[in-house]
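K.L.:
A single structure is presented below for examination.
The values are calculated or read from the model by the stated rules, or taken from the named source; none is laboratory data. Just so it is clear, the model here is predicted, and its values are computed rather than measured. Surface accessibility is based on the protein's heavy atoms, side chains included, excluding ligands, DNA and RNA. Shrake-Rupley method; radii C 1.70, N 1.55, O 1.52, S 1.80 Å.
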Amino acid sequence: FIILFTVLSRRSMSRAMKNSRKQMSEINSTLENSVGGVRETKAYAAENAEAIYEVGKMQIDQGSEEERAEGYALLAEAGKRGCVAAMEQLADDYSKTNADSKVEKDLEKAFYWYEKAAHSGSHKGILNTFLCYFHGVGTEQDDEKAVKWLHTAVEEGVWDAPYHMAVQSYQFASEQEP
């Protein structure tokens, strides 16, 4: 009986060891896939403008002074890569239309980002580019460019473009009267 028990115990232990090795192999494979997934996620974030924007936004919202500066650098990078949300936030923050802005007011930079957003199809960018040209904010006042952007706003269906069209028409008519 004891011999039979010993033989069965050794077989059970052998199976248990094989199962353990198999489980360890599966765990190692899972870990490798996880690490690979993290690497892929980091690579994705490094290449994805929206992911860069989100990281920058978190640093601006929750970070120290130094981290906020890094956050704005990330927003600029995301904007350069085509992230419209980053362009709009940078423009708003530089123009100080965003009450929570943590950068110094710089109307030239605000104009730069509004115009970049406008060229990317942003309604906010289109309307604000018109307003900047119309009022000479962050750029030289230019009626011709203002009218071009206002027409673009109307064509794109920017909700308050007709109002601005009416105001501009009224001002133009007032200037023409003797």
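K.L.:
Which of rounded, prolate or oblate describes the stretch 78-144 when judged by the alpha-carbon gyration tensor and an a/c cut-off of 1.5?
P.N.:
Oblate.
K.L.:
Shape call for the stretch 114-178 from the C-alpha gyration tensor, a ≥ b ≥ c root eigenvalues: rounded (a/c under 1.5), prolate (a/b greater than b/c) or oblate?
P.N.:
Oblate, since a/c reaches 1.5 and b/c is not below a/b.
K.L.:
If you don't mind, another one. To the nearest 10 square angstrom, what accessible area does residue 115 show with a 1.4 Å probe?
P.N.:
40
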